[in-house]
Every structure is written in C-alpha cells, then in structure tokens.
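Input: a single structure, listed below in structure tokens.
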Amino acid sequence: MSFKWSDNMAIGNEVIDDQHKELFGKLGDLSEAISEGNDVELIEEVFRYLETYVTQHFSDEEKLMEECEYPEIETQKKEHAGFIEEFKAFEAEFSSKGPSSELAEKTHSWLLNWLCDHIARTDKALGLFLEKN
C-alpha cells in the first residue's frame, strides 16, 4: 500500500506542510523497500527517523497552536500522545524481535493510515482556523 503527498493535503502552513511531505517521502521509501524486498534494512532507519520526526513535528505543531490560541489544541495533543504510545509499541516489538518484513509492512500500514486520517481531520481543521484568523 502506497500513498503520495498531494497539495490537497496541505494545511497552508509551510513548515508543517514541508514536514508532512518529508514524512510521506520516508513512507514512500519504506513502501519501495517493501516491494523490492529490502525492507528489513530500512526499518531501523525509519524508526530512528520517526523518533526525531515525532519530537520535532509535534513540538512545532503544538507551538503553532499555542501561538494562535487554537481552541482544539487539547484534541491535537491527545492524538499526538496516542501516536507516540502506539509508536512505542512498534519500537518495543522492533527492540525485542528485530527488524522483519512483517514489522515493516505493519509499521508502514499503520503510519500511512494514521497520518492520512490525522491530516484529513485534525490538521485540516487547524489549517482552516489559521486561514480564518
């Protein structure tokens, strides 16, 4: 399962949109590696990337929401915390079992579904708020 970034996913904030594009690029790399059978080597890189990405991206989004006094900031923070909790479960599996094709596919599917849903619902609402204010 693969999905590419499209401009209709943009929320109108260059920093956040660029970070989303970067993540979709990393998901594309993982998707390509899965289809070529090279996913075991890439899964460790994806986990390292996500640790950094999650910290920076969620921090940037939440700072933006605080600055503009976004009324749904707590909803966003809860979704971010939920992502981190789920990601930690994947990390624990990775740490205990090591990289595998199964884990790569499971991680890819989860990330793609979570990200598409989060952008379409929660981040788009933030974008509309920013546009109006």
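Net charge near Phe87, counting Lys/Arg +1 and Asp/Glu -1 over other residues with Cβ under 13 Å of its Cβ?
Taking every Cβ under 13 Å from that of Phe87, the sum is -3.
How large is Rg/Rh for segment 51-104, to two decimals, with Cα atoms and a Kirkwood Rh?
1.14
Taking one equal scatterer on every alpha-carbon of the chain, how large is log10 of I(q)/I(0) by Debye at q = 0.09 1/Å?
One equal scatterer on each Cα of the chain leads to -0.27.
Just want the answer: with Cβ charges of +1 for Lys and Arg and -1 for Asp and Glu, which residue in Leu111, Pro99, Thr75 is farthest toward the dipole's positive end in segment 20-133?
Selected residue: Thr75.
FYI, it's all coordinate maths here, none of it is from the lab. Keep in mind it's a predicted model, so treat the numbers as computed, not measured. Every residue, glycine among them, receives a Cβ derived from its backbone with ideal geometry; neighbour counts consider all protein chains shown.
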